[in-house]
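Shown next, in structure tokens, is the structure this report addresses.
Every read-out reported here was derived from the displayed coordinates using simple, explicitly stated rules and does not represent laboratory data. Quantities reported herein were computed from a predicted structural model and do not represent experimental measurements. Here the Cβ positions follow ideal geometry from the backbone for every residue, glycine too, while neighbour counts run over all protein chains shown.
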Amino acid sequence: MTVTTLPLAKALNESLRKAMEDDPKVLLMGEDIGRLGGVFRVTDGLHKDFGEGRVIDTPLAESGIVGTAIGLALRGYRPVVEIQFDGFVFPAYDQIVTQLAKMHARALGKIKLPVVIRIPYGGGIGAVEHHSESPEALFAHVAGLKVVSPSNPSDAYWMMRQAIASDDPVIFLEPKRRYWDKGEVDTGTAPASLHAAQVAREGSDLTLAAYGPMVKVCLDAAAAAAAEGRSLEVLDLRSVSPLDFDAVQTSVQKTRRLVIVHEAPVFFGSGAEIAARITERCFYHLEAPVLRVGGYHSPYPPARLEQEYLPGLDRVLDAVDRSLAY
Amino acid sequence: MTPDADTVQLLTPEGELVSHPEYHAEVSADGLRELYRDMAWSRRMDGEGVTLQRQGELGLWPSLLGQEAAQIGAGRALRDDDYVFPSYRDHAIALCRDVDPLHLLRMFRGVSNGGWDPAEKNFHLYTLVIGSQTLHATGYAMGTAKDGAEGAVLTCFGDGATSQGDVSEAFNFAAVYNAPVVFFCQNNQWAISEGNERQTRVPLYQRARGFGFPGIRVDGNDVLACLAVTKQALERARAGEGPTLIEAFTYRMGAHTTSDDPIRYRDSEELEHWRAKDPLARVRALLESRGWADEAFFADVDTRCEERASRLRTDLRETAEPPPGNIFAHVYADGHALVDEERADFAAYQASFTDREAK
Ligand SMILES: Cc1ncc(C[n+]2csc(CCOP(=O)(O)OP(=O)(O)O)c2C)c(N)n1
């Protein structure tokens with residue numbers, strides 16, 4: 001029997017363990033990931049079992065972590081880097097954007113950089129400043145990077161395995177408020193492709209598209225809407241770059257309405273890109289303009305205000321109402 | 001800044017050998033003639049870069065003039081299994097690694113953003129973001145040590161780069177993990193228009209001590225000293241004794257790049273002071289005083305350099321323009337749906353012109 005029920009963080013842990021067992025070149029690097037097992041315990045027990053040579057506690061230097069991971073990848077390793085929190089990735093942003101993303105192309109494909117950068121991201125846990133951000137658009141804008149975010153334990157397990165197997169650098173965004181959510185993980189079943197969207201709930205009146213932490217909010221919204229006789233389809237995008245526009249198109253051609261939900265600020269966010277492309281592809285199918293629900297153009301607010309900032313059930317349903325009113 | 005008494009020098013500007021308690025010059029007639037040939041070709045090839053830029057064949061060229069001894073000394077200290085992470089001015093080290101100079105020229109012509117296979121010659125791509133490569137070198141060296149491989153890693157950067165956080169992070173990572181990496185700083189006194197006094201309050205080589213590994217200053221215009229010091233640092237690294245910082249104290253005789261105007265920030269006296277320390281002249285003086293080379297030798301070196309430069313010029317001019325579709329080549333190793341879509345759109349758009357022309 002290969003099906004177990006695990007919290008998302010533990011699913012990631014199992015995934016990392018399996019990847020390390022399968023391939024001695026897989027290394028973990030980051031701050032406090034060794035004996036502590038990471039501040040979210042995602043690497044719990046791996047230091048004990050694989051040793052400090054493969055689960056590397058690093059100096060507190062994000063640029064250093066990513067920069068040396070690049071060097072290790074050039075030497076044939078497959079480093080999986082942990083950035084402790086979303087807001088602390090920026091010292092490494094230079095290495096990620098100017099070096100990691102471009103080196104494969106600069107070497108005309110001769111070198112590969114299979115580096116995974118794990119970032120616990122997003123809000124909803126009442127954290128202090130710099131601990132709740134959603135930087136996916138900043139990475140998706142950069143050619144050479146892939147950006148993914150699982151929404152449930154099964155995807156967490158499999159998408160991590162696939163990200164590590166990928167020869168491209170992958171920004172792996174872990175929805176930190178879902179770390180403790182449990183779900184079934186079938187470690188024996190072949191998964192969907194890393195970049196394929198999946199229908200999380202079928203519906204016929206409108207499509208809600210989301211990824212990571214917002215998928216659950218959308219599923220809850222769809223359940224609430226069903227009570228009022230509305231049938232909402234929920235699409236779990238799973239990958240922000242590349243983005244499965246075909247899946248969005250298929251769903252929108254069926255439902256004729258689209259609301260995109262993410263935690264990051266709406267302005268210049270991934271929702272804008274989806275809206276533009278779907279408008280182009282589905283102009284004659286749409287019954288309403290594509291709507292977006294997300295964060296405001298403000299710094300992530302103090303924890304006591306984050307419920308105002310984050311899209312919740314009501315804001316999603318409000319957008320659904322607006323769309324259906326056209 | 002002036003070098004202090006600790007600076008390692010084995011060959012004076014007048015071409016006289018001096019002894020040093022720790023480092024010893026390797027001097028044989030053949031060896032010295034080879035070093036001279038290397039430096040002469042580096043200088044000639046570099047001069048060709050400047051000329052080609054002036055003729056509009058290159059967009060930009062960062063000249064190494066004045067830094068031949070530092071680079072040939074370091075480059076010839078390397079073993080085949082050592083790996084180099086260069087900056088953007090390290091053409092002579094590239095030549096030591098047998099990298100086709102055409103690659104370097106093509107990069108500054110705008111044909112590629114690198115374009116060679118780093119693993120083929122153990123010579124990584126040039127890095128234009130100041131100091132970034134020191135971290136790549138350190139990570140690579142950490143991997144070398146993990147693999148139990150013998151090679152060491154050499155990484156090059158300028159005095160200005162030492163102000164970047166990445167270089168300090170690299171020093172620290174290298175020390176903490178005892179990585180087999182040699183940090184080779186060519187202190188050519190200037191970071192574009194900013195002198196050393198805008199980068200540091202302490203001599204750069206002394207920084208290493210704070211990170212827990214040795215730092216050495218060497219006369220960067222003395223090829224024998226650069227060779228000896230780098231060799232020993234690489235051997236230390238290979239022997240598992242960890243990193244070393246070498247500060248090659250030298251001078252950039254030309255402009256920062258062909259778009260720079262050094263007259264605005266430095267005076268001719270300084271230039272003359274350093275001209276008297278020319279790296280080639282002192283080797284030539286030694287070769288002559290030992291009777292190891294005559295006029296015919298130097299004439300032959302010049303002729304060969306001219307021939308090679310002329311071939312290089314022709315080859316560069318015959319370089320084909322990259323096909324426009326190259327924009328989409330190698331963005332991802334595993335492919336990307338958006339790139340595929342844009343590549344197809346682009347091809348269709350391009351084809352629309354050909355179709356119209358055909359009509
Ligand atoms: C991060 C970064 N900032 C600024 C620049 C622009 N820049 C190019 S070369 C240079 C000076 C570098 O001086 P130094 O490190 O001493 O090396 P040198 O050019 O003298 O060999 C500057 C400021 C850059 N390339 N990268």
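Things to note:
- Legend: distances between Cα atoms for A:Lys25/B:Lys231; A:Lys146/A:Lys254; A:Lys112/B:Lys146; pairs beyond 26 Å are A:Lys25/B:Lys231; A:Lys146/A:Lys254.
- Cα-based shape type of the protein assembly as shown, given that a ≥ b ≥ c are square roots of the gyration tensor eigenvalues and the cut on a/c is 1.5: prolate
- Taking a span of 18 Å or more along the helix axis (Cα atoms) and a mean Kyte-Doolittle hydropathy of at least 0.5 as the rule, the DSSP H helices of chain B that qualify are B:223-238.
- Distance from the alpha carbon centroid of the stretch B:226-296 to that of the stretch A:230-272 works out to 60 angstrom.
- Span per principal axis, largest first, for the Cα atoms of the stretch B:206-267 (Å): 45, 27, 18
- Cβ-placed point charges (K, R +1; D, E -1), dipole of the stretch B:1-118 about Cα centre in debye, nearest 20: 620 debye
- GluC sites (Glu not before Pro) lying in DSSP loop within the stretch A:78-187, provided at most 13 other Cβ fall within 10 Å: A:Glu129
- Counted by Cβ distance under 13 Å from B:Cys156, the other residues give a net charge of -2, where Lys and Arg count +1 and Asp and Glu count -1.
- Using Cβ point charges alone (K and R +1, D and E -1), the dipole size of chain B about the Cα centre works out to roughly 280 debye.
- Angle in degrees between helix A:214-227 and the longest Cα principal axis of chain A, rounded to the nearest 10: 30 degrees
- Top positive-direction residue, dipole computed over the stretch A:1-112 with Cβ charges, set A:Thr5, A:Ile111, A:Ser63: A:Ile111
- Of B:Ser259, B:Ser168, B:Ser42, the residue with the greatest mean-square motion in the GNM of chain B, using alpha carbon springs below 10 Å, is B:Ser259.
- Coarse-grained scattering of chain A at q = 0.08, 0.13, 0.14 Å⁻¹, given as base-10 log I(q)/I(0) from a Debye sum over alpha-carbon atoms: -0.35, -0.93, -1.07
- Here the stretch A:111-157 has an Rg and Dmax of 13.0, 42 Å, counting Cα atoms alone.
- Working from the Cα coordinates of the stretch B:213-359, the gyration tensor eigenvalues give, after taking √(5λ), semi-axes of 47, 27, 19 Å in decreasing order.
- Pairwise inverse Cα distances across the stretch B:1-73, averaged and inverted, put the Kirkwood hydrodynamic radius at 14.6 Å.
- Between the listed residues A:Leu72, A:Phe90, A:Gly37, the Cα displaced farthest toward the positive end of the dipole of the stretch A:1-103, a dipole computed from Cβ unit charges relative to the Cα centre, is found at A:Leu72.
- Positive-end extreme of charge dipole, the protein assembly as shown - chosen from B:Gln350, B:Leu224, A:Leu16 (charges on Cβ): A:Leu16
- Ratio Rg/Rh, restricted to chain B and using Cα atoms, in which Rh is the Kirkwood radius: 1.01
- Helix A:8-22 axis versus longest C-alpha principal axis of chain A: approximately 40°, rounded to the nearest ten.
- For the protein assembly as shown, size of Cβ-based charge dipole, Lys and Arg +1, Asp and Glu -1, in debye: 760 debye
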